[in-house]
Amino acid sequence: MRTIDVADVTRNIREMCIEANHFLAQDMEEALRDAAQTEAAPLGKQILCQLRDNLKIAGEDMIPICQDTGMAVIFMEIGQDVHFAGGFLETAVNEGVRQGYTEGYLRKSVVGDPLLRENTKDNTPAVIHYEMTEGDRVRITVAPKGFGSENMSRVFMLKPADGMEGVKNAILTAVKDAGPNACPPMVVGVGIGGTFEKCALLAKKALTRPAGERSSIPHVRKLEEEMLERINRTGIGPGGLGGTTTALAVNINTYPTHIAGLPVAVNICCHVNRHAVRIL
Amino acid sequence: MSGETAKELRAGDYVYITGTIYTARDAAHKRMQEALEQGGPLPFPVQGNIIYYMGPSPAREGRPIGSAGPTTASRMDKYTPALLDMGLLGMIGKGRRAEAVKEAIVRNGAVYFAAVGGAGALLSRSVTDAEVIAYDDLGTEAVRRLEVKDFPVIVVIDSEGNDLYETAIEEYRSE
């Protein structure tokens, strides 16, 4: 049994909220740089260069990459041999978010009640996903999620007979409907299988995968590659103003499912696909 | 911006805006709509002006504003035709607009610009001054008067109803 003080969790999450909103992970930065080289549309190229400049300014001047610094989505992968001491873990996580957003000049974009819509003024609560793992480590992923792209995400409860073609159509439909609204070039996170809520979670987690990393399952990897190519043929392009760079990556996660179903979730993220990871 | 200028702009034009613009997004539009219904005044004169759909991140000391990129315009579609009919001349946002908004743009000789979504740090450099002028309690969603210099935008929907999102995407589509 290893004991972790929840104050360490708070301190790390505070720093990770600030880090993720000012510095894009290297994989995303490289993907944007490569896209600027290959983009066919002159305006698209210009926009990709602006996005590259934007990243530089964000890091140098400590201005968030995007004003929508997101709702804080946090994955807590907790080794089963860990014991948390010093307080309630969930309170500690939210305290880290509160400190990060209030002290880090990040935008407070959370309303306390979805219908009454009063801003909580400190960006809490976070959306926290807990997962038990082996061992005595805690892996924390902070992925602030902007809602321009979140609003364009979809869940499709397909039938088994819809098969592979149905899945491909679902992904293309979501991307085309999102179009210019989701701040392309996008990263497309897809969850296939499980249940209604499981596929959505798979899709969300797929967005935290490094942009250049492909699925280890051969037919899933093939699907990722085919969908990336087809999405980039839609013409949507950078900023939705036409071009050959509509997505930077398609990341697909799968899970076993029921004999009667084929759930597919498409979680769309803009090019500001933020994720900071630390292991305690 | 004069009415003549707005009418001359064409979808696809790259434009740099210098002068005064006003920010308003979801919650501010809802309040402005309620003010109109009750016959009350709006927080700024819409006639001849430009609204920027934007809610900034907080400004650090010594800076006018934090990150300041556009938000999705379609969420304001419900409120927009009434404002255009009152003389609103321009809007800056990102993403598609509803048919009713396009019709109101044509009817009133207005223009819809897009700024690059997700480039909030870069765009903040074109904002020289910012002041909350109404609905302070809405935080980031308050109405702000911005002074901008060479603020880069692209004309997406012009006064003839041309829509760059439709034409440019078609040009690069190879499905």
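The values are calculated or read from the model by the stated rules, or taken from the named source; none is laboratory data. Please read all numbers here as calculations on a predicted model, not as lab measurements. Ideal geometry is used to build each Cβ from the backbone, glycine not excepted, and the neighbour counts take in all protein chains shown. For the accessible areas, the whole protein counts, side chains as well, though only heavy atoms, and no ligand, DNA or RNA atoms are used. Shrake-Rupley method; radii C 1.70, N 1.55, O 1.52, S 1.80 Å.
Can you find, within segment A:130-146, the residue that is nearest to the other protein chains (Cβ to nearest Cβ) among those that are in a strand (DSSP E or B) and open to solvent by 50 Å² or more (accessible area, probe 1.4 Å)? Filtering first and then ranking leaves A:139. For segment A:164-195, the set of residues classified as open to solvent by 20 Å² or more (accessible area, probe 1.4 Å) and in a helix (DSSP H, G or I) consists of A:164, A:165, A:168, A:169, A:173, A:176, A:177, listed by residue number.
Of all residues in segment A:147-170, those that are over 10 Å from residue A:268 (Cα atoms) and within 14 Å of chain B (Cβ to nearest Cβ) total 2. Filter segment B:126-142 for residues that are crowded, with 18+ Cβ neighbours inside 10 Å and out of contact with any Asp or Glu (no Cβ under 9 Å at 6 or more places or on another chain); which is farthest from residue A:230 (Cα to Cα)? Among those residues, the one meeting the criterion is B:134.
For the criterion of being farther than 23 Å from residue A:38 by Cβ and acidic (Asp, Glu), residue A:224 fails. Within the set A:243, A:239, the sole residue that is closer than 19 Å to residue A:45 by Cβ, more than 20 Å from the chain's Cα centre (by Cα) and of a type outside the set (S, T, N, Q) turns out to be A:243. The residues of segment A:50-82 that are of a type in the set (Asp, Glu) and open to solvent by 50 Å² or more (accessible area, probe 1.4 Å), listed by number, are A:53, A:60, A:81. Screening residue B:139 against (1) closer than 19 Å to residue B:42 by Cα; (2) modelled with pLDDT of 95 or more; (3) of a type outside the set (Lys, Arg) leaves a single unmet condition, (2). Inside segment A:60-106, can you point out the residues that are at the interface with chain B (Cβ under 9 Å from one of its Cβ atoms), among the charged types (D, E, K, R) and either part of a loop (DSSP other than H, G, I, E, B) or under 22 Å from residue A:138 (Cβ atoms) (or both)? Listed by number, the list holds a single entry, A:68. Within segment B:85-92, is even one residue modelled with pLDDT of 95 or more, surrounded by 23 or more Cβ atoms within 10 Å (Cβ to Cβ), farther than 22 Å from residue B:131 by Cα and away from chain A (no Cβ under 14 Å)? No - not one qualifying residue is present in segment B:85-92.
Applying the selection to segment A:222-280, what residues are within 30 Å of residue A:11 (Cβ to Cβ) and of a type in the set (D, E, K, R)? Within segment A:222-280, A:274, A:278 qualify. The residue list B:106, B:116 contains one member that is more than 9 Å from every other protein chain (Cβ to nearest Cβ) and within 17 Å of the chain's Cα centre (by Cα), which is B:106. Take residue A:149 and tell me if it is at pLDDT below 95, within 30 Å of residue A:61 (Cα to Cα) and outside any strand (DSSP E or B). Criteria met by residue A:149. For segment A:232-278, the set of residues classified as open to solvent by 30 Å² or more (accessible area, probe 1.4 Å), under 28 Å from residue A:159 (Cβ atoms) and within 14 Å of another protein chain (Cβ to nearest Cβ) consists of A:233 only.
Can you name every residue in segment B:115-150 that is among the small types (Gly, Ala, Ser) and touching a strand residue (DSSP E or B) at 6+ places or on another chain (Cβ under 6 Å)? B:115, B:117, B:126, B:130, B:134, B:139, B:142, listed by residue number. For the residues A:18, A:13, A:47, the requirement of being open to solvent by 20 Å² or more (accessible area, probe 1.4 Å), β-branched (Val, Ile, Thr), part of a helix (DSSP H, G or I) and in contact (Cβ under 8 Å) with a residue 40 or more places away in the chain singles out A:18.
In segment A:191-200, is there at least one residue being of a type in the set (Asp, Glu) and within 14 Å of chain B (Cβ to nearest Cβ)? Scanning segment A:191-200 turns up no residue that is of a type in the set (Asp, Glu) and within 14 Å of chain B (Cβ to nearest Cβ).
Just to check your reading of the model, which residue among A:31, A:35, A:7 is surrounded by fewer than 16 Cβ atoms within 10 Å (Cβ to Cβ), more than 10 Å from chain B (Cβ to nearest Cβ) and in a helix (DSSP H, G or I)? The conditions single out A:7.
Of the listed requirements (1) without any contact (Cβ under 8 Å) to a residue 40 or more places away in the chain; (2) assigned to a strand (DSSP E or B), residue A:122 misses just one: (2).
Inspection of segment B:54-63 finds no residue satisfying the criterion of being away from chain A (no Cβ under 12 Å), crowded, with 17+ Cβ neighbours inside 10 Å, out of contact with any Asp or Glu (no Cβ under 9 Å at 6 or more places or on another chain) and part of a loop (DSSP other than H, G, I, E, B). Going through segment B:22-43 one residue at a time, which ones are part of a loop (DSSP other than H, G, I, E, B) and either more than 26 Å from residue B:121 (Cα to Cα) or at the interface with chain A (Cβ under 10 Å from one of its Cβ atoms) (or both)? Across segment B:22-43, the qualifying residues are B:38, B:39, B:40, B:41, B:42, B:43. Checking every residue in segment B:157-175 against the condition of being facing chain A (nearest Cβ under 7 Å) and of a type in the set (Gly, Ala, Ser) gives at least one match. Of the residues examined, residue A:212 is not one that is in a loop (DSSP other than H, G, I, E, B), small (Gly, Ala, Ser), buried (at least 18 other Cβ atoms within 10 Å of the Cβ) and in contact (Cβ under 8 Å) with a residue 40 or more places away in the chain.
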